[in-house]
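Notes follow once the structure below has been shown.
Please treat every number below as a calculation from the coordinates, not as lab data. In this text, all values refer to a predicted model and were calculated from it rather than measured experimentally. With ideal geometry, Cβ positions are generated from the backbone for all residues, glycine too; neighbour counts draw on all protein chains shown.
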Amino acid sequence: MSYVSRVLQPGEYVGCVLQPGEQVEYATKPHWIVYLPGLLLLVINIPIAATGHVLSRYSEIVTSENAGTFALFSFLSALIVLASAWLNRWTTEIAVTNRRVIYKTGFVQRRTMEMNREKVESVEISQSVLGRLLDFGTVTIRGTGSGIEPLPQIANPLEFRSYITAG
């Protein structure tokens, strides 16, 4: 079984911590669904900003300056949420090697967790209806004595589990 869902780039954390003889069997990232809150905020703010502009023509309370400020604030809020989701997705690496499961997140402040595949007792997957339709879910890996905390919104969680338990 040798499949990598995405190609590791030079300098990525997983590629840097591989031990001699260790090979990546599966690598993934959070699902693209992490962008959904920012996209929804952006889509919702467009009609709100337009309505504020129209109301400014007919109202003494809502001025065009207030409407413009609100529209700018709404747009910037959506961009911040989208940028945060992009940074999270860009800095998160999840891999299954022939020896261990590796999880890394963060850019400046890095958090890593690794577990020997031999120590994995169970892998739990939790998927909502939307998660089943779009193929993402939360994966919790339990090991002897400890475990890896829930990994939310992982792409292809069933395939990810198969690679963890196949070892």
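Tabulated values for the structure
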{"item": "Selection count, the stretch 112-167, where residues are in a loop (DSSP other than H, G, I, E, B) and farther than 17 Å from R100 by Cα", "result": "4"}
{"item": "Residue, nearest to W86 (Cα to Cα), within the stretch 21-35, restricted to residues that are of a type in the set (A, V, I, L, M) and in contact with a Leu (Cβ under 9 Å, 6 or more places away or on another chain)", "result": "I33"}
{"item": "Scan of the stretch 91-147 for residues that are free of Cβ contacts under 8 Å to residues at least 24 places away in the same chain and β-branched (V, I, T), ordered by number", "result": "T91, T105, V108, V129, T138, V139, T140"}
